[in-house]
Structures are given as C-alpha cells and as structure tokens.
Amino acid sequence: MATSRVRLINPPGYTGSVTRTPLTGPPSSYSSITRDIAYSECIDATGPKWEDHTLRITHIRKDIEPITGTYVNPVNLERISCEGKPVPLSFSGSGAGPASILWTPAQSSASALTTMLLGRSNPNRPIVDLPVFWAELKDLPKMIKQAADAIGWAKGWAKGGPGPTAQGIASANLAYQFGWGPLMDDLWKLATFQDAYEKRRDQLTRLYSGRGLRRNIKLESFSDTASGSSTTNAGSQVTIPTRWNSKRSYKCWGSVRWTPTGKIPGDRTPSDREIYRSALGLNLSAASMYELIPWSWLIDWFSTAGDFLAAHRNSIPVAPSNVCIMRKFEVVHKYQETGTDKPGITWGGATVTWVRKERQVITKPTPTLAMRQPFLEASQLSILGSLGIIKGNISNARRTGVR
C-alpha cells in the first residue's frame, strides 16, 4: 500500500512589504509571505523491510534574498520603502521563481533499462571476450599502417610541411576508437588479469553463498545548462528584471541479485575452470558473435540488442531477482537582478534547488529487444563527425571522377 509523508519547513524572516507613498492619493502596498521554503515529500509503500518497494522523494529548497532599499522621487515626492523581508512576486506564497524547476529529460524506458542492467550485471559477462579479441587481430596490419601514417603526418607538420587533412584526422580518430583503444584496453586487462581473476572468484563465491550476487550498475546519465531572462516585480511598486542560470542533471542506475539455478558445487567454491571460462568468455555465445558484426556498435547506441544477448549468456546457469531501477533528477536555478526601475531598490537574487529520487521495482524481469533514448557522449559525437567527413570525401571523389 502506497503512503505519502510530507514535511514542510518555514524558516522565519520571509515576510515583508513594499509600500509606495505618492504625493496625492492613498499609499499602496505589496505584501509577501513566502511559504514552503524547504519542502520534502516522500511517497513509498508499506510492507516488510526485506522486500523491494517503489519510492519517490522530492526536495525543494528556496534561498531567497529580500528586496531592500528606499526610492525617493524628488519631482512628485513619491516614496517607496521596504519593511521586513519582502521577496519578488514570483517567490511569494509557494512560488519557486519565474522559471520552471520541474524537469523530466528524455530517458530510456523501464524495459530497456532492465535489459541494460541484466546484460551488464550478468556474472557470465566476460572481463575480456577472448574469442572476439583473437578474431579482431586480423585488423592489426591495417591499424599499424594507420599509425605509421599518423606519425608521418606529425613529423612532416613539425618540419613545416602540410599537416594532416580532415579525412586523415577522421580516419585516425576511427582507428583509435575502434582499433587501438579497444586493443590497448584488452591488453591491459590481460596484463592485470590476476586482479580480475580474484574479483571474479569473489563474485562467483558470493553467487554460491546462498544469498546470491548483488550487483549495482550505472545505466545512463545526462547533464546540461540553460540560461534566460525574465521579469518579476513587487506588486505595482517595483519591476525587477532578472537573469537566471540553470544546471540540470539526471542519473540512472539499477540493482539486481543473481542466484544460481543449476547444480551448485558441494563445497560452494567456484572451480578455476568456471572462473577462467566466465572471465575470458570461453563459452562461445551469440553475444560474442554479435560483437563481430560490423556496425553492431551503432545498433547498441539506439537499442538493447547487445545487452539482450549479454543477458542470455548462461555458461553458469543463473537467474535474476526483482530489478530496482533508481533515478535522480536535480535542478539548480540561480537568479540575479539586472537592475530595477526604481533606483535605490535592490534585490540580492535567489537559488532554488529541486531534487527528485525515484525507485521503480520490476518483478520477474525479462530481457527484451527495445529501442532506447541515447545520451551521446563527446567520443560518440566525434565518431559520427569522422564518419560524416569520410563519407563526404568519398561522395565528392565519385562526383569528380577521382579514383
């Protein structure tokens, strides 16, 4: 059963008024009472502590400077004064400012996140997929030629000669992203395999412990910044132009517990054979064959194909428990006054922080093939740019008849 608990905190000192006293006519006043300076809400489900439950926690905190100062117009003897700690209209009451703090970025679906978690946490996922490593060594001669070309460009450039072309830089980038980078990473893992071996032994020992192997995996993240301008006021007395800046971040991770389904060794200790075959991917699988398909990396950017196959690696028969998908959203808005229409009246700005944490429980999780929302990183964007340059040069060469 879902329950909701709300906590409101109202620190003192966010009450005040801005009064305008004209030469003729009655005074007019703007009063502000700011509520929900610190707001927290927790929505969860009741039940045994050892069971997984859905959860949503929301925090909002508003740190607001008051409007201060006095304005006097010597021509018509108009006077505007501040009493107490008044705040701009958009922050009065339960307001959180002129710019919306609520934010829900595009994100992968629950089914896609579940498949990503199962594929990346599977105890059968190799540390180094040795069959794929050996198969990809066929590209080593081409990689060596590309490296030699890059060194030649660098030497010529250092001596005042022409530097590398855009196509050359694009080819070198792709050679590193798909050739030298993965190769050096695999070689390093093989060189430090003893540490990886011990980690895999520890994982399989926990898998056979009776409680299973619990894994926490980072799934996706995204952050950006935004800025803009807005206008708020203190009633009809003061107009306050503002500039705001926003930092937004989204993180998603998941947890799952794996338990063995096959025959467990009597001493509950993994054998060396199990550890080696699991860590080096020595059980040929569809996941290994998929890694050798050209452009499979691009498919993985927009789908769960690779994780779907990785989740079905089952050299050691295992099964997952319930999956918990956790998300954290955070927005920090900062406001700064850019000048008021009444000289002498100032506002020190405000900072509004909004944080939401969610936990979603997936019972009886099953990996599925699904499309997902990609969060492209700088390296991925560089790959797309390099491919565009090379494709463009090839197209130009064909149009001009260059062979």
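Things worth noting here:
- Note on segment 314-357: residues that are closer than 30 Å to L284 by Cα, of a type outside the set (A, V, I, L, M), touching a strand residue (DSSP E or B) at 6+ places or on another chain (Cβ under 8 Å) and not in a strand (DSSP E or B) amount to 3.
- Checking each residue in segment 201-243 for being basic (K, R) and in a strand (DSSP E or B) picks out R214, R215, K218, R243.
- Only one of the listed residues (D195, D185) is acidic (D, E), at pLDDT 80 or above and surrounded by fewer than 13 Cβ atoms within 10 Å (Cβ to Cβ). That residue is D195.
- Annotation note: of L89, L77, L55, the sole residue that is among the aliphatic types (A, V, I, L, M), out of contact with any Ser or Thr (no Cβ under 9 Å at 6 or more places or on another chain) and over 18 Å from T353 (Cβ atoms) is L55.
- Flag if R35 is within 24 Å of the chain's Cα centre (by Cα), basic (K, R), farther than 18 Å from Y335 by Cβ and surrounded by 13 or more Cβ atoms within 10 Å (Cβ to Cβ): no
- Only one of the numbered conditions (1) surrounded by 16 or more Cβ atoms within 10 Å (Cβ to Cβ); (2) touching an Asp or Glu at 6+ places or on another chain (Cβ under 7 Å); (3) modelled with pLDDT of 90 or more; (4) closer than 21 Å to N216 by Cα is not met by T346, and that is (4).
- Test result for T58, polar (S, T, N, Q) and crowded, with 18+ Cβ neighbours inside 10 Å: no
- Any hit, segment 372-387, residues being in contact (Cβ under 8 Å) with a residue 40 or more places away in the chain, part of a strand (DSSP E or B) and touching a strand residue (DSSP E or B) at 6+ places or on another chain (Cβ under 8 Å): no
- When S255, S230, S271, S223 are checked against the criterion of being over 30 Å from G348 (Cβ atoms) and either in contact (Cβ under 8 Å) with a residue 24 or more places away in the chain or among the aromatic types (F, W, Y) (or both), S255 stands alone in meeting it.
- You will find that of P270, P265, the residue that is assigned to a loop (DSSP other than H, G, I, E, B), at pLDDT below 80 and crowded, with 17+ Cβ neighbours inside 10 Å is P270 and no other.
- Candidates A305, A319, A310 - the one that is touching a residue at least 24 places away in the same chain (Cβ under 8 Å), in contact with a helix residue (DSSP H, G or I) (Cβ under 6 Å, 6 or more places away or on another chain), surrounded by fewer than 21 Cβ atoms within 10 Å (Cβ to Cβ) and among the aliphatic types (A, V, I, L, M): A305
The values are calculated or read from the model by the stated rules, or taken from the named source; none is laboratory data. Since we're looking at a predicted model, the values are computed, not measured. Because the Cβ atoms are built from the backbone with ideal geometry, glycine has one as well, and the counts that use them run over all protein chains shown.
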